[in-house]
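K.L.:
There's a structure below that I have some questions on.
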Amino acid sequence: MELGNLRLNISALTPKNDEVKNEKVAETAKRKKKAKTAEPIEESWRRIFASKLSETDRQRLNEVKAAMDAGKLARNPSDCVNKAGNPKAFSKAEAMRLWKTLQESQREETLRKMVENTPENYELITTEARFQALIEALSSEEIIAVDTETTGVDVYTDVIVGLSLTLPSADWHVYIPVDHVDCEQLSREYVLEGLAPVFNDESIGKVLHNAIFDIAMVRRHGFDLKGVVWDTMTAMHMLNENEEDRTLGGAGSFKLKDLAPKYLKTPADTFDALFGRDAQFKEVPLDIALVYAAKDTELTWKLYKFQRQHMEKMPTILEYYQTVEIPLLYVIVDLEANGYILDLDFAKEYGEKLHKRAEELRSELVTELTPFHEGDGPLNLNSTQQMRPALSKAIGKELPNMDAKKTLKPLKGDHEVIAKLLEYKKITKLSGTYIETLPLKQNPTTKRWHSRFNPMGTVTGRFSSGKDDADKTDQGFNVQNQPQEARPMFSPPPGKVLLGADFKAQEIRCVAYLSGEPVLINAFLEERDPYAMMASNFYKRPYEEVYKNADGSDTKERKQMKVVWLATLYGMSDYSLADMLGVNKKEATKFKGELFGSMPKLSAWLKENEEFVRKNGYVWADLRARKRRLPDAKLPRKNIPYGKWNDPKYEDARKHNSRINRALRQATNARVQGSSSIQTKVTMIKAHEYCANKPGWALWSTVHDELIFEVPEDFTWEEAQDIRDIMLNSYRWGDVVPNGTDIEVMRRWGEGVPVEEWFKTKGDD
């Protein structure tokens, strides 16, 4: 090849065929040699640990390596070679398989030691003679610990397979199997009938952990468990409501197996750790079952003594616990057992309506955001990677993330596209619930829907509702979070109606009482709206001018009062308040200061709450009935130099100081919510007592600040007034602030008429 005077010898630049062939042969030989050479195990471990690992995986891999190094664990020969018979490198997948083998080996060793070390005062009761000896011994006990072992946590369908009892005076811990597989045992009916006189005797106190479950489980078989005097789970909430938070020194949960190591210094293996997640206790050999079950009641008893000792140092808390939280257990059992009847046709129709709206929103969002989408293929509304850049460009503001609560919600008022997206996400989730999921949640035994109610559902003591954490089924649902428009699917049985009674302005009445603020107290004494009264006082304008507009809507002034009030009550920052008011942070802070400055007693009370929690790390609910512990409030602040607030160097300091600020803001919320929860609980107890003496009456539900009753359709005006009296007088805010209540009658939940109108149109016949 010639180009001008340049001559190139192409062939000289190309390797000869023999050279290429030799290189390929050498490479192949090298690969074959490598394939036949085992990778050193140390190199394999270096490779595995160098890969991206979760903390859980890293911990498990360390356990495997330690066991292999100690000679307690070895590779399976079948994993050492491939199909060609060549050595196979040790991999993460193989290591994780070995971890399961290790777990099984450790489990067997643990169970063997448990049986070998069975305490002498543990006894398996399998004969009538020993059972009768137990019954005789129980008659000498003033208080005992009780626990049930079951096939599951559905108290309407699952069954008891054994009972464990601790007799403190006799220092005797027993397990009575009643439905184990292939073993000598007494029948369930015989045992429960034999225990019935003890279980029904309220003079013999019973101590349990999660008593609501065990009471319901015993009732499942047609018996009762009276005389419960202590529930170690609810008591732990009273002693430390932060127990689930390990960063605050908590045990991680309120489960007995977590509490025992922390407070009793006694190791306690969980059921899943000992037997596997899918195991059935009825299949556990009796010698193992004895140690496991008897230890549960022994630990429950020891935890009771520990808790009692500490709670006696706080007599107001002890009195409240014994007179409110313990009686409430039985209220909840009845409340949950009553259950709900659902109109599935209504639910399906509602779900289809939601689905249609979701499709409309999806189409609108895709149309609006597609011009800002730069990826391949159509825009996926459920993809964070696609949505964050597209949405950022659409609103002209860089979004740090797609967190609905923290990032999107504060912006929805300014950007319609964000409001649409939040609505889309909400109703997409709901639509499937009502069409597909809800029918499956009907209990097969009762043919009703049942919600679980947790009287310690929040750290302030308020109720929560929903599925039990230990429930492995798909049943149970949260009745308290049903949207207003979905509530009509709940209906009473034929011949009955729902009677709803709410606490009018419960929390703000509580504040009026705790603070002694005249503006608020006068509002309730004069039966006026508290927000309008605050607006009238602040703007120096007549009450009527700031209460309602001519068309009946709220005035701007009343809305402002409500926003500021709720922001303060719920511990929002001034930044959040600014977003809600549509002003900057400085303006929001100034407005809030001026508003509370116009109510000196309220302002002083808010400051008092902050100072108290800063000094003590907790605040009291009403009558010192319970504490809300906020230890972060006592932390010393970290210094951030002026002008360095946004400096990444001080990020940890900012987070630290934010924790303190949050704790200080929570102090007021904790006092109000904690006190309000006490009012609700005391009133529920009184309402439950009333219903117990009225045939056909039942407490149907509690939703936020409302109690709902299931009552005969022919209830009388006098009975309605009895309910009004229970709501107004069961728990009063001192002698100055009156309670308020509205009562309505419903043939479907959410579709009610005032009780006065009910009797005008229906009559008392």
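Any read-out appearing in this document is the output of simple, stated calculations on the displayed coordinates, not a laboratory observation. All values reported here derive from a predicted model rather than from experimental measurement. Reconstructed Cβ throughout: ideal geometry from the backbone, glycine too, with neighbour counts over all protein chains shown.
K.L.:
Assigning unit charges at the beta carbon (Lys, Arg +1; Asp, Glu -1) and nothing else, what dipole magnitude in debye, to the nearest 20, does the chain show about its Cα centre? Intermediate results must be reported in sequence, preceding the final value.
P.N.:
Numbers: 112 positive and 118 negative charges, 947 e Å.
That gives a dipole near 4540 debye.
K.L.:
If you don't mind, another one. May I ask you to compute the full-extension gain from Y543 to R748, defined as 0.36 nm times their residue separation minus their alpha-carbon distance, rounded to one decimal in nm?
P.N.:
Details: separation 205, 0.36 × 205 = 73.80 nm, distance 3.61 nm.
Stretched fully, the Y543-R748 segment lengthens by 70.2 nm.
K.L.:
Right, another one. Which one, P754, M489, F596, projects farthest toward the positive side of the charge dipole computed for the chain from Cβ point charges (K/R +1, D/E -1)?
P.N.:
Ranked along the dipole, the leading option is F596.
K.L.:
Okay, moving on. Antiparallel DSSP bridges in the chain: what percent, to the nearest 5? Walk me through the numbers on the way to the answer.
P.N.:
On the way: 48 of 57 bridges.
The answer is about 85 percent antiparallel.
K.L.:
Okay, moving on. Tell me the relative contact order for region 34-114 as a rounded percent, counting alpha carbon contacts under 8 Å between residues six or more apart. Before the final figure, lay out each step's value.
P.N.:
Numbers: 47 pairs, mean separation 33.1, N = 81.
Averaging sequence separation for qualifying contacts and normalising by length gives 41 percent for region 34-114.
K.L.:
Also: Using only Cα positions of region 346-440, each an equal point scatterer, no hydration layer, compute I(q)/I(0) via Debye at q = 0.17, 0.26 Å⁻¹ and quote the log10 values to two decimals.
P.N.:
Each listed q maps to, in turn, -0.75, -1.32.
K.L.:
When a/c reaches 1.5 or more, the comparison of a/b and b/c decides; with that in mind, is region 361-505 rounded, prolate or oblate per its Cα gyration tensor?
P.N.:
Numbers: a/c = 2.34, a/b = 2.03, b/c = 1.16.
Prolate is the answer for region 361-505, as a/c is 1.5 or above and a/b outweighs b/c.
K.L.:
Mean projection of the alpha-carbon convex hull of region 121-313 over all orientations, in nm²? Intermediate values should be presented prior to the final figure.
P.N.:
Working: hull surface 43.4 nm².
Seen from a random direction, the Cα hull of region 121-313 projects 10.9 nm² on average.
K.L.:
Do any GluC sites (Glu not before Pro) in region 489-578 lie in a DSSP loop with no more than 12 other beta carbon atoms within 10 Å, and if so, which?
P.N.:
Details: sites: E507, E526, E527, E544, E545, E557; in loops: E526, E527.
For GluC sites (Glu not before Pro) across region 489-578 that sit outside H, G, I, E and B with at most 12 neighbouring Cβ atoms in 10 Å, the list reads E526, E527.
K.L.:
A further question follows. Based on other C-beta atoms within 10 Å, arrange Y531, Y642 from fewest to most.
P.N.:
With the sparsest Cβ surroundings first, the list reads Y642, Y531.
K.L.:
Quick one: compute the contact order of the chain, relative version, from alpha carbon pairs under 8 angstrom and 6+ residues apart, as a percent.
P.N.:
Values: 1069 pairs, mean separation 81.1, N = 765.
Taking the mean separation of contacting Cα pairs over the length of the chain, I get 11 percent.
K.L.:
Okay, moving on. Which of F538, V519, L354 sits farthest toward the positive end of the charge dipole of the chain, with +1 on the Cβ of Lys and Arg and -1 on the Cβ of Asp and Glu?
P.N.:
My answer, from the dipole projection, is F538.
K.L.:
Still on this structure, please answer the following. Which loop-located GluC sites (Glu not before Pro) does region 697-744 contain, where loop means any DSSP state but H, G, I, E or B and the Cβ has at most 15 other Cβ atoms within 10 Å? Before the final figure, lay out the partial values.
P.N.:
On the way: sites: E706, E710, E713, E718, E719, E744; in loops: E713.
When the GluC sites (Glu not before Pro) of region 697-744 are filtered for loop state and at most 15 Cβ neighbours within 10 Å, E713 remain.
K.L.:
Using 28 Å as the Cα-Cα cut-off, could you pick out the over-long pairs in K348/K681; K615/K655; K92/K441; K257/K313; K348/K504; K585/K649? Mind dumping the intermediate values first?
P.N.:
Working: K348/K681 34 Å; K615/K655 21 Å; K92/K441 40 Å; K257/K313 25 Å; K348/K504 33 Å; K585/K649 24 Å.
Over 28 Å Cα-Cα: K348/K681; K92/K441; K348/K504.
K.L.:
Next up: Put +1 on the Cβ of each Lys and Arg and -1 on the Cβ of each Asp and Glu in region 385-435; which of L411, A390, N401 then has its Cα farthest toward the positive end of the dipole?
P.N.:
Going by the charge dipole, the pick is N401.
K.L.:
Here's a follow-up. What does the convex hull of the alpha-carbon atoms of the chain project to on average, in nm²? Working shown, then result.
P.N.:
On the way: hull surface 203.6 nm².
So the Cα hull casts an average projection of 50.9 nm².
K.L.:
Calculate the tail of P(r) for region 516-667: the fraction of all Cα-Cα distances greater than 24 Å, expressed in %.
P.N.:
Working: 5145 of 11476 pairs.
For region 516-667, the share of Cα pairs beyond 24 Å comes to 45 percent.
K.L.:
Let me ask something else about it. Run the reach check for K496 against lysines, Cα to Cα strictly under 22 Å, same-chain hits fewer than 8 apart removed. What comes back?
P.N.:
Correct list for K496: K447, K686, K694, K760, K762.
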